[in-house]
Amino acid sequence: MTQEAEGQQQGDWSTEQRDRAVLEVLDGSPITEVAQGYGVSRQSVYTWKAKYAAGGFEGLREVSRRPRTSPTRLPAEVEALVCEMRRSRPRWGARRIAYEIEQTGAEPAPSRATVHRVLTRNGLVRPQEQQHRRKYKRWQRETPMHLWQLDLVGGIYLADGRECKMLTRIDNHSRFIVVAEVLTVPSGRAVADAFVRAMRIHRVPAEVLTDNGKQFTGRYTRPRSAEVLFERVCRENGIGAKLTKPYSPTTTGKIERWHRTLRRELLDDCGPFASLAAAQAAISEWVQTSNHLRPHQALDMATPASLFRPNPQPEPVRVVPAQRSETVPAPAESAPPALVMTPSAGAVEFDTVVPAGGQVGIIPSVQRIRLGAERAGLRVRIWVDENTVHVLVNGEVVKTVASNLDAEHLHQLKLRGARPAGPPPALPAVDHVGNLPAGHTLELERTADQDGWITLAAQRVKIGPELANRRITVRLDGRLLHAVHNGQLVKTLPSPFAAGEHPRLRGAKLATTQLPPAPAAVTVERKVPNDGVVMVARQRLRVGRAHAGRIVTIYVEDTHFRVTYEGAEISLHARQDQHPVARWKAKFPPPRSNRDCPAAPEPVNNLVSRICQPSPKTSHHNR
């Protein structure tokens, strides 16, 4: 039985029920009882009785309640246009169709809800079960060129069977596709070159966001992390390189969502490309349409190109090794050679902002100065000539290093906006250690590596593991080397340079302050057990069974432990390592449950700045 016939039968049954109810009322039955018997209201029975009196049995049939006129109904031609757009563009939704019809100037322009009802009425919406998507925290930068998202995507096949990958970049604010370049081999060099080419077109962004691929970061290389070429490009140009959390593709969701659109609308419909050039041409044409002609729903139906604005910044720096020409001195009797480079016009100065990495580039391919990430965002003034570079913050000199620039480089800085400088704000930097005048000391800064070593003119000097990864000030007075950290003298060693040597020291300058006084030795107390062995700074000291039960005082020096009892020295032990002291007072007996370090007395030097941070694997028996 068809649906129409079934509806007709249902209507005839309803009409017969109404006719019976009316006849019962005409036979004298109370209207209230009739209404209860048929499960309707009394008003319905009165209405049926009136219709029967007016038209008989035919008057009880159900008639359409549709209004005779609908002034707000969508015109038939607009409804046909909606259906035609949906059939020609199956991926267009109600919002896109409503926007496109509005752009054509059709009157009246339907709303998104109206278009959806038209599609549903004409069977152009496939019913499906509602999927509740996961909720993510959406974020977007306030201005264009503030952040680029970068990624590599595969699935681009050539006719010869090769699969290529494509480096894509999208602006986080405008969703403008900065570049989509097909790469035969997605190596680190190819990715860095494509990145530089994009920056030459759209200028340098403030930050970039990538995943943890080996082309973008060397953080996870083994056995030791290293800097890859892409990270070097970012560092050379003052770009903050951000990485996503591992296994979190939603952090770069904008570029990932664009990849899905690219696959559905282009890559899935076309076969293998004839060549690499053909693939690049097809993708570039599609990207051009996506940037300039396609409205984006996340941008309130604006095109990405309408919101994207390139930065008015200088061109990116190419990462190439600095070329230094070796000049051969001319014979004494020959005429002096003519000047090839622009003669120096004196010192220049300019203002800049410290990037997120903490390194300021004077001319990035020639010289950079490390100021530390803690100064990121500060506005600094650079005073530079051919010998010295001074860095000033709020008028105070915070760093002085030797200059790697020549007269031509100073001329380039003037072309970039540097202005002639006044007198030097501090003493000049010193390049060589020679016969210093009496009473003068050289001073320079170095960062100890993870093993506590520093490098001075290609010579390795061990400062100590307790200063690993710390910034220290090195003072050379001709005979001794002093290490100063946070204004405190922490180490004194013989100078690695002989009196007649003249090594080149990067960042050396004449010291203008006095050497901090040497700290007093750290003292601790221990109760000697029955076996006569005490533990200090993870080292066993054999005092002797004769002193069992006594409280001895131990002086912790840089190279020795001196054990004393009532002012008299008992024994002297060589210090094998530089582990910090973790316990100061003797315990009777040491409680096993209390692992907290008691507060230390007045701190003496920076070497014991971590004495109250014992390793979680160290028990109180190993202190």
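The values are calculated or read from the model by the stated rules, or taken from the named source; none is laboratory data. Model, not experiment: these values are computed from the prediction. Here the Cβ is made from the backbone with ideal geometry for all residues, glycine too, and neighbour counts use every protein chain on show.
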Matching residues, the range 3-48, being among the polar types (S, T, N, Q), more than 14 Å from E62 (Cα to Cα) and modelled with pLDDT under 90: Q3
Hits in the range 409-468 - residues which are in contact with a helix residue (DSSP H, G or I) (Cβ under 7 Å, 6 or more places away or on another chain) and either at pLDDT below 80 or part of a strand (DSSP E or B) (or both): E466
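Every residue, every condition in (1) modelled with pLDDT under 85; (2) in contact with an Asp or Glu (Cβ under 6 Å, 6 or more places away or on another chain); (3) part of a strand (DSSP E or B), yes or no:
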site: V391; (1), (2), (3): no, no, yes
site: T473; (1), (2), (3): no, yes, yes
site: V490; (1), (2), (3): yes, no, yes
site: A498; (1), (2), (3): yes, no, no
Count of the range 49-98 residues which are assigned to a loop (DSSP other than H, G, I, E, B) and over 29 Å from A35 (Cα atoms): 14
Out of T221, T143, sole residue that is at pLDDT below 90, out of contact with any strand residue (DSSP E or B) (no Cβ under 7 Å at 6 or more places or on another chain) and within 28 Å of Q297 (Cα to Cα): T143
The lone exception for D351 - which of (1) at pLDDT below 85; (2) out of contact with any helix residue (DSSP H, G or I) (no Cβ under 9 Å at 6 or more places or on another chain) it fails: (1)
D193 vs. criteria of a type outside the set (V, I, T), in a helix (DSSP H, G or I) and free of Cβ contacts under 8 Å to residues at least 24 places away in the same chain: yes
Selection count, the range 103-113, where residues are assigned to a helix (DSSP H, G or I) and either surrounded by 15 or more Cβ atoms within 10 Å (Cβ to Cβ) or among the hydrophobic types (A, V, I, L, M, F, W, C) (or both): 1
Candidate set: the range 51-92, residues that are among the β-branched types (V, I, T) and over 30 Å from V25 (Cβ atoms); chosen: the one surrounded by the most Cβ atoms within 10 Å (Cβ to Cβ): V82
Residue count for the range 243-261, restricted to those that are in contact with a helix residue (DSSP H, G or I) (Cβ under 7 Å, 6 or more places away or on another chain) and closer than 27 Å to W92 by Cβ: 2
Odd one out for H409 among (1) surrounded by fewer than 19 Cβ atoms within 10 Å (Cβ to Cβ); (2) over 23 Å from G372 (Cα atoms); (3) touching a residue at least 12 places away in the same chain (Cβ under 8 Å): (1)
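So that you can scan it fast, the table gives a plain yes or no per residue for (1) surrounded by fewer than 18 Cβ atoms within 10 Å (Cβ to Cβ); (2) in contact (Cβ under 8 Å) with a residue 60 or more places away in the chain; (3) in contact with a His (Cβ under 9 Å, 6 or more places away or on another chain); (4) farther than 14 Å from R169 by Cβ:
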position: G218; (1), (2), (3), (4): yes, no, no, yes
position: S225; (1), (2), (3), (4): yes, no, no, yes
position: V228; (1), (2), (3), (4): no, no, no, yes
position: R232; (1), (2), (3), (4): yes, yes, no, yes
position: G238; (1), (2), (3), (4): no, yes, no, yes
position: K245; (1), (2), (3), (4): yes, no, no, yes
position: R260; (1), (2), (3), (4): yes, no, no, yes
position: C270; (1), (2), (3), (4): yes, no, no, yes
Single condition K527 does not satisfy, out of (1) in contact with an Asp or Glu (Cβ under 6 Å, 6 or more places away or on another chain); (2) under 22 Å from H579 (Cα atoms): (1)
